[in-house]
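A.B. asks: Let me begin by handing over the structure; questions about it come next.
The values are calculated or read from the model by the stated rules, or taken from the named source; none is laboratory data. Keep in mind the model is a prediction, meaning the values are calculated, not measured. Please note: Cβ atoms are built from the backbone with ideal geometry, for glycine as well, and neighbour counts cover all protein chains shown. Surface areas here come from the heavy atoms of the whole protein model, side chains and all, with no ligands, DNA or RNA. Shrake-Rupley method; radii C 1.70, N 1.55, O 1.52, S 1.80 Å.
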Amino acid sequence: MINFNLQLPVHLFFGKDAHKNIASQIPAGAKVLMTYGGGSIKTNGVYQKVQSALEGFEVVEFGGIEANPEYETLLRALKIIKEQEITFILAVGGGSVIDGTKFLSSAALFDGDTPWDILSKGIRTEVGMPFGTVLTLPATGSEMNSGAVISRKELNQKRPMGGPGLFPKFSICDPSVVASLPERQLANGIVDAFTHVMEQYMTYPTSATLQDRISEGILATLMEIAPKVMADPSDYDTAANFMWCCNMALNGIIQKGVPTDWSIHALGHEITALYGIDHARTLAIVLPSMYRYKADKKGAKLAQFSQRVLELSGSEAELATAAVDAIENFFHSLDVPTTLSAYPAMDAEEVAPEKIVQNLEKIRTIKLGEHGDILREDALSVLQSAY
Ligand code: NZQ
Ligand code: ZN
């Protein structure tokens, strides 16, 4: 097992009415900026619950953080933080609002030339302005980790950031919020969490027995509950399992002591940056094609997934093929396409894969995957097969 260190500092409140804990977690006398998205919280009751929980605090609101949080929007919020001398931020939303808030937490205390440096120069955040989250969409695990991804449309870029200063102080996870999610977001959440586990599990066999079993448990649970979540998102216990799977998929535990891949996310972020396709949907495009391309190196682990999660038997090659087919069928069962060409705004077959690769090359050298052996030409082949 690879050496590791693990710090899980987020105080998680999980369950019905968890928002009642908000007030006790914010320092007395704090001036709070409450950040949120396009307004779903105003129609599903979350806004009112948070408002009543914040009674007694001085609160300033900033709404309008969009999906794939946009740098320009966040700069407007940053101005408010500085002008109004905000001391604590409360993010109320999905991964985008939480990620946007992480950027604000970092930028509020950043003393470099421009906050874009945090993203463009990959500056880690050691200390940020304290913030909490009220999660409204299980998917990213952002409520429990210290990473964020920020978009800047004028540059066609979507860049990651992170650091130990960006863990939320607390997160409120009430599975009741799942009831108001549209089918598209439910499916996105399932696909994103499933792929997060895969990026940390689908590499090569190691001695990390427990990490494998935990990952397989999350994958099996997601496959088991997915039809139930889609059919009835208001079923509380199913929603609770969904929310806990998404959290466990990216709270840091299953990545410890094992090699990780993350090539699917690297290419997926470029597809979103160029074509605006939802994050999870870009992963569904890349994953099957990537695993077929890397079947030689990932064969043993694909076969293990088939045996343990799908409960199939056969030769290693048969099991590996069956694994990718089953994952693709799983995505299709959620009405999530697995090709670039499924999207009307996509460029032509000869253009799109090259554009995606070029966009990634602008920000980093292409050397992806657990072996660092996915180079430019490999990434291009994967995307061409995914067209
Ligand atoms: O903006 P509102 O009106 O709130 O609507 C949102 C948004 O349109 C809606 N929504 C959220 N909760 C709802 C709801 N609608 C009804 N009822 C509710 N309870 O859902 C839409 C999508 O929200 P968004 O926050 O964008 O979705 P998600 O949580 O999937 O976040 C995606 C973002 O997270 C990043 C992605 O790249 C993308 O930018 N990721 C963050 C990660 C992290 N920090 O660890 C890891 C991931 O791999 C990912 O990259
Ligand atoms: Zn993701």
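A.B. asks: Could you please find all residues in region 162-191 being assigned to a helix (DSSP H, G or I), over 22 Å from F13 (Cα atoms) and open to solvent by less than 20 Å² (accessible area, probe 1.4 Å)?
C.D. replies: Residues satisfying the conditions are A187, N188, V191.
A.B. asks: Just for region 58-67: of the residues that are hydrophobic (A, V, I, L, M, F, W, C) and over 19 Å from the mean Cα position of the chain (by Cα), which one is surrounded by the most Cβ atoms within 10 Å (Cβ to Cβ)? Walk me through how you get there before you give the answer.
C.D. replies: So in region 58-67, the residues hydrophobic (A, V, I, L, M, F, W, C) come out as 59-60, 62, 65, 67.
Then drop every residue that is not over 19 Å from the mean Cα position of the chain (by Cα), which leaves 59-60, 62.
Details: V59: 17, V60: 17, F62: 23.
Among those residues, the one meeting the criterion is F62.
A.B. asks: Answer yes if at least one residue in region 88-105 is outside any strand (DSSP E or B), acidic (D, E) and touching a strand residue (DSSP E or B) at 6+ places or on another chain (Cβ under 8 Å), and no otherwise.
C.D. replies: yes
A.B. asks: Quick one: which of R292, R308 is among the charged types (D, E, K, R), closer than 17 Å to F194 by Cα and open to solvent by 80 Å² or more (accessible area, probe 1.4 Å)?
C.D. replies: Residue meeting the stated conditions: R308.
A.B. asks: Another question about this same structure. So, in region 18-36, how many residues would count as being touching an Asp or Glu at 6+ places or on another chain (Cβ under 7 Å) and within 16 Å of ligand 1 (Cβ to nearest atom)?
C.D. replies: 3
A.B. asks: While we're on this one: Give region 271-283 a look and list any residue that's of a type in the set (A, V, I, L, M) and away from ligand 1 (no atom under 13 Å from the Cβ), or say none.
C.D. replies: Listed by number, the list holds a single entry, L274.
A.B. asks: Would you check which residues across region 46-75 are in a helix (DSSP H, G or I), of a type in the set (G, A, S) and either under 15 Å from I89 (Cα atoms) or touching a His at 6+ places or on another chain (Cβ under 7 Å) (or both) and list them?
C.D. replies: Kept after step one, since they are in a helix (DSSP H, G or I), are these residues of region 46-75: 46-53, 71-75.
Right, trim to of a type in the set (G, A, S) and you get 52-53.
Passing the criteria: only A53.
A.B. asks: What residue, of A320, A379, is assigned to a helix (DSSP H, G or I), touching a strand residue (DSSP E or B) at 6+ places or on another chain (Cβ under 8 Å) and among the aliphatic types (A, V, I, L, M)?
C.D. replies: Result of the check over A320, A379: A379.
A.B. asks: If you don't mind, there's one more thing I want to ask. Which of (1) part of a loop (DSSP other than H, G, I, E, B); (2) open to solvent by 10 Å² or more (accessible area, probe 1.4 Å); (3) within 16 Å of ligand 1 (Cβ to nearest atom) is the odd one out, the single condition M346 does not satisfy?
C.D. replies: Failed condition: (3).
A.B. asks: From E85, E70, E55, which residue is among the acidic types (D, E), modelled with pLDDT of 95 or more and surrounded by 14 or more Cβ atoms within 10 Å (Cβ to Cβ)?
C.D. replies: Values: E85 fails: surrounded by 14 or more Cβ atoms within 10 Å (Cβ to Cβ); E55 fails: surrounded by 14 or more Cβ atoms within 10 Å (Cβ to Cβ).
Going through E85, E70, E55 in turn, just one is among the acidic types (D, E), modelled with pLDDT of 95 or more and surrounded by 14 or more Cβ atoms within 10 Å (Cβ to Cβ): E70.
A.B. asks: Continuing with the same structure: Quick check: is even one residue across region 217-231 crowded, with 20+ Cβ neighbours inside 10 Å, on the phi < 0 side of the Ramachandran plot and not in a helix (DSSP H, G or I)?
C.D. replies: There is no residue in region 217-231 that is crowded, with 20+ Cβ neighbours inside 10 Å, on the phi < 0 side of the Ramachandran plot and not in a helix (DSSP H, G or I).
A.B. asks: Does any residue in region 315-342 that is free of Cβ contacts under 8 Å to residues at least 24 places away in the same chain come within less than 6 Å, Cβ to Cβ, of a residue that is crowded, with 20+ Cβ neighbours inside 10 Å six or more places away or on a different chain, and which pairs are these?
C.D. replies: E316/A303; L319/A303; L319/S306; A322/S306
A.B. asks: Among the aliphatic types (A, V, I, L, M) and in contact with a Gly (Cβ under 7 Å, 6 or more places away or on another chain) - does that describe any residue in region 238-258?
C.D. replies: Checking region 238-258: at least one residue is among the aliphatic types (A, V, I, L, M) and in contact with a Gly (Cβ under 7 Å, 6 or more places away or on another chain).
A.B. asks: Any idea which of G257, G268 is open to solvent by less than 10 Å² (accessible area, probe 1.4 Å) and within 11 Å of ligand 1 (Cβ to nearest atom)?
C.D. replies: G268
A.B. asks: Would you please name the residue that is nearest to the chain's Cα centre (by Cα), looking only at residues in region 135-155 that are open to solvent by 20 Å² or more (accessible area, probe 1.4 Å) and near ligand 1 (Cβ under 6 Å from one of its atoms)?
C.D. replies: If we take residues in region 135-155 being open to solvent by 20 Å² or more (accessible area, probe 1.4 Å) and near ligand 1 (Cβ under 6 Å from one of its atoms), then T140 is nearest to the chain's Cα centre (by Cα).
A.B. asks: Which of the residues that make up region 164-201 are out of contact with any strand residue (DSSP E or B) (no Cβ under 7 Å at 6 or more places or on another chain), over 19 Å from V229 (Cβ atoms) and more than 10 Å from ligand 1 (Cβ to nearest atom)?
C.D. replies: Correct list: P164, G165, F167, Q200, Y201.
A.B. asks: Just checking, how many residues over region 185-220 are under 20 Å from N241 (Cβ atoms) and out of contact with any Lys or Arg (no Cβ under 6 Å at 6 or more places or on another chain)?
C.D. replies: Of the residues in that region, 23 qualify.
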